[in-house]
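Written out below as structure tokens is the structure these notes cover.
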Amino acid sequence: MSGVFITDGTGPLGKALASYFEKEGCKVATHPSNGDSKSIREAIIKAGPIELLINNSEPAFERLSFEQINEKEFSAMVSSVIRTAFFAVQAVQPVMRILGRGKIINISSSAPVRGMLKGAHYTAAKGALYSLTRSWAQELAPDNIRVNLVAADVGLGTAAEDGGGKTPFGRSISKQDIIRCVEFLAGSGGNMISGQEIIVDGGFAKLGF
Amino acid sequence: MQDLRGNIVLVTGAGGTLGASHAREIAAKGAHVIVHDLNKESVDAVVDKIREVGGIASPMVCDITDVSAVRTCVEKITSDHGAISILINNAGITGNNALIGDIDEDFFDRMFDIHVKGAFFTIQAVISGMKAAGRGRIVNTISGRAHSGAISGSHYNGAKGAIVGLTRALASEFAPFGITVNAVAPGVTPSGMTRARLGEGGLAARAKQLVSERLPTPEEITSGVMFFLAEEAAIVTGRILNMQQPRKVEVL
């Protein structure tokens, strides 16, 4: 794995992923998850050959009940999570096509699977990534690109709205738990895996839907 | 027989084939149907058809992406007729089988605005009435493609995936108020939209790929919506009824 591009590279998980791949000797470039297609495209072109794109987005949001989420908050969420990923994939496809291979990992959440209280805009935005993963896996296979999703619920269960509880294993999810999973998919173990989702939530989602 | 008398039901995008089918069937069960679409002629045609057979229908013409317009329409309906007790989020547009490299920002934004923002804020406009009544049903429309993926139209499929997340989040949030939130996921169904995208030949080719070798009728998709409206389905929430038919599997 040589070139790695990570969106929301300054978020806690993004930073941890960047430093992991740097230690592995990869050339890592990051970009904010700002939904700005032009700046994303420019950053991807500037980064050079990218073999791994990690569509990470860790939008900070207030835990608002559904009625309180206004148009501005809704659009900001769509932009940060979906727009960023969509236009990063659009920009990276020609790069990976020239390279002859590539891997894309979409970082989502277990919220679209288990449901979530007070975070309908976040759940919707992260839910789009599941369907985008399944579609891109099919569309980009002819370019030798694998697309998978990792549901990364770092610190899941610590917010009061989630019951303030822990996973069935008695501890919450660490950034290391996510890195191990991303490492597997990015490595040769993931070579024939595409269109899949791995939900790293300590079994939490199965308690929901 | 299912009895929806006394309900006021908003069906968005009801000028289209599927929405019109939902609206007609819901009216046939005695509900007052609010027929919504962007285009007045298509709305009037459906309203007239329902009234011709003795049903109760009223028009609602507005742009579903215009949050304040939707809110104003819903307020007027509520003061004229009473609170909306059932919402069918059906409005949508085609992804036109576009490849990712060909989807510009305008097409991307329109896709998410109509499907996700439209559904999100239409629900927001009707929810206080449902909460006050202590009951309500919301049925969203996604697509089999949200689950299966497809080789094209990823912006469409992604928007439908967002509605899966929304459905589950709101099911959790509204359950204490006696409101259920579910979704139907149709496969390709002959309609104005799919005919424009695939043509008659394309539709026939799709049918051949299915184990049943036939496409569903709009009325068959409506039957899925009607299930979630049944009195007996009060505990069913956060669920997706996948009506996409299995395809024949051919090993390459």
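List of remarks:
- Residue match in the stretch A:138-154 (condition: out of contact with any Lys or Arg (no Cβ under 6 Å at 6 or more places or on another chain), open to solvent by 20 Å² or more (accessible area, probe 1.4 Å) and at pLDDT below 95): no
- Residue satisfying all of: in the stretch B:143-172; of a type outside the set (Lys, Arg) and within 23 Å of residue B:232 (Cβ to Cβ); nearest to the other protein chains (Cβ to nearest Cβ) among these: B:172
- Hits in the stretch B:31-49 - residues which are crowded, with 23+ Cβ neighbours inside 10 Å and over 21 Å from residue B:136 (Cα atoms): B:37, B:43, B:46, B:47
- Any hit, the stretch A:48-66, residues being within 17 Å of the chain's Cα centre (by Cα) and in a helix (DSSP H, G or I): no
- Cβ-Cβ under 6 Å pairs, at least 6 apart or on other chains, the stretch A:57-79 side facing chain B (nearest Cβ under 8 Å), far side part of a loop (DSSP other than H, G, I, E, B): A:65/A:118
- Condition check for residue B:212: of a type in the set (Ser, Thr, Tyr), open to solvent by 10 Å² or more (accessible area, probe 1.4 Å) and in contact with a helix residue (DSSP H, G or I) (Cβ under 9 Å, 6 or more places away or on another chain): no
- Scanning the stretch B:121-142 for residues that are within 24 Å of residue B:17 (Cβ to Cβ) and without any contact (Cβ under 8 Å) to a residue 60 or more places away in the chain, we see that the one that is surrounded by the fewest Cβ atoms within 10 Å (Cβ to Cβ) is B:123.
- Top-ranked residue in the stretch B:1-30 [being of a type in the set (Gly, Ala, Ser) and out of contact with any strand residue (DSSP E or B) (no Cβ under 9 Å at 6 or more places or on another chain); ranked as most open to solvent (accessible area, probe 1.4 Å)]: B:28
- All conditions but one from (1) within 14 Å of the chain's Cα centre (by Cα); (2) free of Cβ contacts under 8 Å to residues at least 40 places away in the same chain apply to residue A:29; the one that does not is (1).
- Applying the condition of being assigned to a helix (DSSP H, G or I) and open to solvent by less than 10 Å² (accessible area, probe 1.4 Å) to the stretch A:92-106 and asking which residue is farthest from the other protein chains (Cβ to nearest Cβ) yields A:96.
- Among residues of the stretch A:1-26, those that are touching a residue at least 12 places away in the same chain (Cβ under 8 Å) and either more than 25 Å from residue B:101 (Cβ to Cβ) or surrounded by fewer than 18 Cβ atoms within 10 Å (Cβ to Cβ) (or both), counted: 14
- Failed item in (1) closer than 17 Å to residue A:67 by Cβ; (2) hydrophobic (A, V, I, L, M, F, W, C); (3) in contact with a strand residue (DSSP E or B) (Cβ under 8 Å, 6 or more places away or on another chain); (4) more than 9 Å from chain A (Cβ to nearest Cβ), with residue B:91 passing the rest: (1)
The values are calculated or read from the model by the stated rules, or taken from the named source; none is laboratory data. Note that the structure is predicted; figures quoted are calculated from it, not measured. Here Cβ is always computed from backbone atoms with ideal geometry, including for glycine, and neighbour counts include all displayed protein chains. Each accessible area value is taken on the protein alone, full model and side chains, heavy atoms only, with ligands, DNA and RNA left out. Shrake-Rupley method; radii C 1.70, N 1.55, O 1.52, S 1.80 Å.
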